[in-house]
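> Quick one: structure below, then a few questions.
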Amino acid sequence: MVKKQVVPFLVLVVTALWLAGCSNSANSEKESSANSAASSSARDELVYSTAKDINDMNPHLYAGSMPAQGIVYESLVENTAEGIKPLLAESWDISEDGKLYTFHLRQNVTFHDGEPFNAEAVKLNFDAVQSNASKHAWIKLSSMLTETKVIDEYTVQLVLSEPYYPTLLELSMTRPYVFLSPKDFIDGETKDGVNGFDGTGPYKLTDHKTDQYAVFEANERYWNGAPKLKKITAKVLPAGETTFLALQKGEVDFVFTDDRGADSIDVEAMNKLAESGGFQIVRSEPMNTKMIVANSSKQDSPAADAAVRKALWHSIDRETISEAIFSGTESAADTLFSSNVNYANVELEKREYDIELAKKLLEENGWAGEGIREKDGRKLTMSLYYDVNSSSQKAQAEMIQNAAKNIGIQLELFGEESTSIANRRTTGDYDLLFNQTWGLAYDPQSTIASFTSDAAYRHTTSGIPEAEELYRKIGEVMVSSDEETRKALYQDILSIVHDEAVFIPLTNGSVTVVAPKDLQGISFKQTQFELPFEQMSFSR
Amino acid sequence: MGRYIFKRGLISVPLLLVVSFLTFILNSLSPMDPAEVVLHAQGVPRITDELLEETRLALGLDRPLLVRYWNWFLSCLRLDFGDSYVTGKPVWSLLGPAFLNTLKLTIVSVVAIIILSIALGVLCALREGKLLDKSIRGISFFLTAMPSYLLASLLVLYFSVKLDLLPTNGMDTIGSYILPVTVITISYAGIYFRVVRSSMLSNLNEDYVLYGRACGLPERKITRRILRNSLQVAVSVFCMAIPIILGSTVVVENIFAWPGLGTLSVNSILSRDFPIIQAYVLVLAASFVIVNTFSDMINAWVNPKLREDG
């Protein structure tokens, strides 16, 4: 009987040995590669995790990761808290009529491939962007820039068809008006792909394996001094558990809020890491507003009724959302733009959390009945769409659903992919959905410009009685050259959408960074889409 | 034998045709405008009607559905599956490496599953009803029932984070294989070892076993005979495990950030990257057909009776 067990037992032992053997050989190999992450002795490398591949880094298109593009490419000017500052342009002059912008370029700047950065390079880049204008409809400058003239080697002039005040602001954005080495162009163009990704920025892309990782190494010839962090690796990891475990193990040592405003780990996990002692959490100032967007143009939906929108607004306890769901990391928002946004410091009626007032508003407007209210035989039922990948949106949706029930509104929740929600926004197939403003550098102008865009908030805004007036004023404010007129116009625009309650603000979102405790110089830019890695370093 | 293979191959052609047609039709039934999907995927912030029209023309979406299917089908025969909507790169340049990565994972797992299933199956069959049999079946039942994401997270937490032995994710070293392979093996071996066990048991009651024992053959020799006969049933089951695992590594790949088919297919579905989805389904269907043919061939080779019937 003993014999019978011998063969299978041997098989088991061999299997076990084989597995163990694997782990041994793996260990020695691991020494070399995995240690390149957090535990390296040099301490001038950073590995950050990202849920999405950096994708196509072509700076004149929109598929690439913005944080990655932000460290490889640079623009003429930079948007800072103190306003527009020089970057690749040292100075500039604007003509009296506001149609000519003359830039004096920084000298001795070279692209990563060694090509010089000069007026000719600026012209080639801008011409490449302009020849693909239909993709850049969101940026008004693309429809007004008629010519880019080379004045001399380091002077370049932009000719506009009409004066346009946000010109410098739009030139400062991560894309498309940034510079790629003309050697990487294909037939003088960038719209059908490029041969390389050589920018002028502090880091160059040296390795990229799709859906696995991308490596950025310091540009030692960077005009503003070589960055101290010598190597930054973007590792593609699914958000949540995997990222959290990789952080604990030290394979990844840096995470931040991504381009879409999603964090790769939740607040609880962040706090746990900070408690463990190895990590610090750094949060930016409020960068954007997270909100519920109501479809005012969907005639058969209760969302088209301003009273319903206002009642819903009053029913949401934003303080509790801020405390319970975001552990106080995001503050409650009362208006579409927080008052630190340009032109947004406007007196607007504050809609407090007030269940009784919400009920009264509904009563007064004919929504009556026990349980779910009704008006003209129509039930007060609406659909609310949230991003299925965002745990905080789901929690908020459930909370709002419960609050709405208290005042007799029935909300049906649907978790969908971000692409699908974007598509609903475009087609108008929604009652309510979660969204966020574009963020500091883009607010208010880009978010407001998108009120008129089909792909963005046209369905949201077109159902209100003042729609015509709203669109006219948006058109005016974009081309107005007088500061006072602009202020007045923005005030009107913001008042209209606030009064109509088509954007129901929830919280002010910020960018969160989880980094090793001894990493210094963590700061933020004016945009929620980039981080200044070149300013970070490890303390010795 | 040659004729047999040829016949099998011939049957699979209409099968793949139907699969490819269905995927194409189902994808085009999706309510989303592909031009809009492409522009969203490319991150274009503001989509104008003019741009939509331009994109539709560029994608050839203005042509009738059947014409588009036919063109797509013809280029598929040349292994050209078109370009990804999202990255603009050729589908094959994305699907190829992902397929290889998943194939590596699958083959190592299937080998581990086969070894473990046979070992446990034989052990349990020989000790049927005894404590060993019962406890192995009990434990395997428990492990198989455990969701693989939970098992994977626990293994990572213990072996990678606590003991610091293995990487938590990726496929950089041989060590990276251990945890994913363990998770897949545990989920499937618990099912497959039962196949080996029950077929061993049914063989144990065959007349030839009784005859062998009556003739005084050593128990070891009898066991070997039984094993050989029982494995025939297991061959086709094990072979089908290859495409099944190929198509179901999603969870494991996601947890271990394994850059394979599962991750790619889910990402493509989420971003509505139709060319990749179509190619993925086709490749998976083809591998089912190929492996199935292959397992029939092995059986036919082992058992001449099947050959005559076929």
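> Report the extension gain between B:L154 and B:S135 in nm, rounded to one decimal, defined as 0.36 nm multiplied by the number of residues separating them, less their alpha carbon distance. Each step should come with its number before you reach the end.
Numbers: separation 19, 0.36 × 19 = 6.84 nm, distance 2.21 nm.
Roughly 4.6 nm would be gained on extension.
> Rg and Dmax of segment B:162-214, Cα atoms, in Å?
Here Rg and the maximum Cα pair distance are 19.7, 56 Å.
> Quick one: what are the phi-derived ³J(HN,Hα) couplings along segment A:75-87, Karplus 6.51/-1.76/1.60 with θ = phi - 60°, whole Hz, x for glycine and proline?
Those phi angles translate into 10, 5, 10, 10, 8, 10, 4, 9, x, 6, 10, x, 9 Hz.
> Could I ask something else about it? Which order do A:V267, B:V283, A:V159 fall in if you start with the one that has the fewest other Cβ atoms within 10 Å?
A:V159, A:V267, B:V283
> For peptide B:84-90, what's the mean number of Cβ atoms from other chains within 10 Å of each residue's Cβ?
The per-residue average across the peptide is 3.
> log₁₀ I(q)/I(0) of segment A:146-302 at q = 0.18, 0.20, 0.21 Å⁻¹, via Debye over equal Cα point scatterers, no solvent, to two decimals?
One equal scatterer on each Cα of segment A:146-302 leads to -1.30, -1.40, -1.45.
> I'd like the mean, over residues of B:33-46, of how many other protein chain beta carbons sit within 10 Å of each residue's own Cβ. Spell out each step's value before the answer.
On the way: counts 3, 0, 0, 6, 4, 0, 4, 8, 4, 8, 11, 9, 15, 14.
So the per-residue partner count for this stretch is 6.
> Still on this structure, please answer the following. Which of the three applies to segment A:46-204, rounded, prolate or oblate, going by the alpha-carbon gyration tensor with a ≥ b ≥ c and a/c under 1.5 meaning rounded?
Here segment A:46-204 falls in the rounded category.
> With 10 angstrom as the radius, rank B:M32, A:M57 by how many other C-beta atoms surround their C-beta, starting from the fewest.
The fewest-first ordering by Cβ neighbours comes to B:M32, A:M57.
> Taking DSSP loops as anything outside H, G, I, E and B, show the longest stretch in chain A free of GluC sites (Glu not before Pro) there with at most 13 other beta carbons within 10 Å.
Longest run free of exposed loop sites: A:371-540.
> Further, regarding this structure: For labels at A:E352 and B:R225 in the simple 7 Å Cα→Cβ model, what's the distance in nm?
Between A:E352 and B:R225, the label points sit 9.2 nm apart.
> With a ≥ b ≥ c the root eigenvalues of the C-alpha gyration tensor of segment B:158-290, is it rounded (a/c under 1.5), prolate (a/b larger than b/c) or oblate?
Judged from the Cα gyration tensor, segment B:158-290 comes out oblate (a/c at least 1.5, b/c at or above a/b).
> If you place +1 on the Cβ of every Lys and Arg and -1 on the Cβ of every Asp and Glu, how big does the dipole about the Cα centre of the protein assembly as shown come out, in debye to the nearest 20?
5560
> Applying a 10 Å radius around every beta-carbon, put B:155-165, B:174-184 in order of their mean neighbour count, most first.
So the peptides B:155-165, B:174-184, ranked by packing, come out B:174-184, B:155-165.
> Quick one: net charge around A:G83, please, counting Lys, Arg +1 and Asp, Glu -1 for every other residue with C-beta under 14 Å from its C-beta.
Around A:G83, the charge tally is -1.
> Per the helix-only calculation at 222 nm, which mean residue ellipticity applies to chain A, given -39500 (n - 2.57) for every DSSP H run of n ≥ 4 and division by its residues, nearest 500 deg cm²/dmol?
After summing the helix terms and dividing by the residues of chain A, the value is -9000 deg cm²/dmol.
> Please determine, in degrees from 0 to 90 and to the nearest 10, the orientation of helix B:131-145 with respect to the longest principal axis defined by the Cα atoms of chain B, where the helix direction is its Cα long axis.
Tilt of helix B:131-145: around 10 degrees.
> Using a/c under 1.5 as the rounded threshold, could you call segment A:322-371 rounded, prolate or oblate? The axes a ≥ b ≥ c are square roots of the C-alpha gyration tensor eigenvalues, and prolate needs a/b larger than b/c, oblate otherwise.
oblate
> Starting from the amide H of A:S331, placed 1.01 Å from N in the peptide plane, find each other amide H under 5 Å away whose residue is 5 or more places distant or on another chain.
A:N508
> Also: If you take the charge dipole of the protein assembly as shown about its Cα centre, with +1 on Lys and Arg Cβ and -1 on Asp and Glu Cβ, which of A:N406, A:F434, A:V47 is farthest toward its positive end?
Positive-end residue among those listed: A:V47.
> Mind checking the mean number of beta-carbon atoms from other chains within 10 Å of the Cβ atoms in A:240-251?
6
> Something else about it: What's the Kirkwood radius of the protein assembly as shown in Å, using all Cα pairs?
Value: 30.4 Å, from the Cα pair sum.
> Can you compute the helix-only [θ] at 222 nm over chain B? Use -39500 (n - 2.57) per DSSP H run of at least 4 residues, normalise by all residues, nearest 500 deg cm²/dmol. Before the final figure, lay out the partial values.
Details: 14 runs with 237 residues, N = 310.
Result for chain B, helices only: -25500 deg cm²/dmol.
> Here's a follow-up. Which of B:G43, B:G82, B:G190 ends up with the largest GNM mean-square fluctuation for chain B, with Cα atoms connected below 10 Å?
Per the Cα network of chain B with a 10 Å cutoff, B:G43 tops the list.
> May I pose another question? Between A:N224 and A:E82, what length in nm is gained on full extension when 0.36 nm per residue of separation is reduced by their alpha carbon distance?
That works out to 49.2 nm of additional length.
> Let me ask you something else. Determine how many Å³ per residue the convex hull of the Cα atoms of segment A:398-540 encloses.
170
> Here's something else I'd like to know. How large is ³J(HN,Hα) for each residue in segment A:172-186, as worked out from phi by the Karplus curve 6.51 cos²θ - 1.76 cosθ + 1.60 (θ = phi - 60°), to whole Hz, x for Gly and Pro?
For segment A:172-186, the Karplus curve yields 8, 6, 4, 7, x, 7, 10, 10, 10, 4, x, 5, 7, 5, 10 Hz.
> Using only Cα atoms, figure out Rg for chain B and give it as a multiple of 2.2 N^0.38 Å.
Normalised Rg, Cα atoms only: 1.25.
Each value in this text was obtained by applying a stated rule to the coordinates, not by laboratory testing. Only a predicted model underlies this, so the values are computations on that prediction, with no experimental measurement involved. Glycine also receives a Cβ, built like all others from the backbone with ideal geometry; neighbour counts cover every protein chain displayed.
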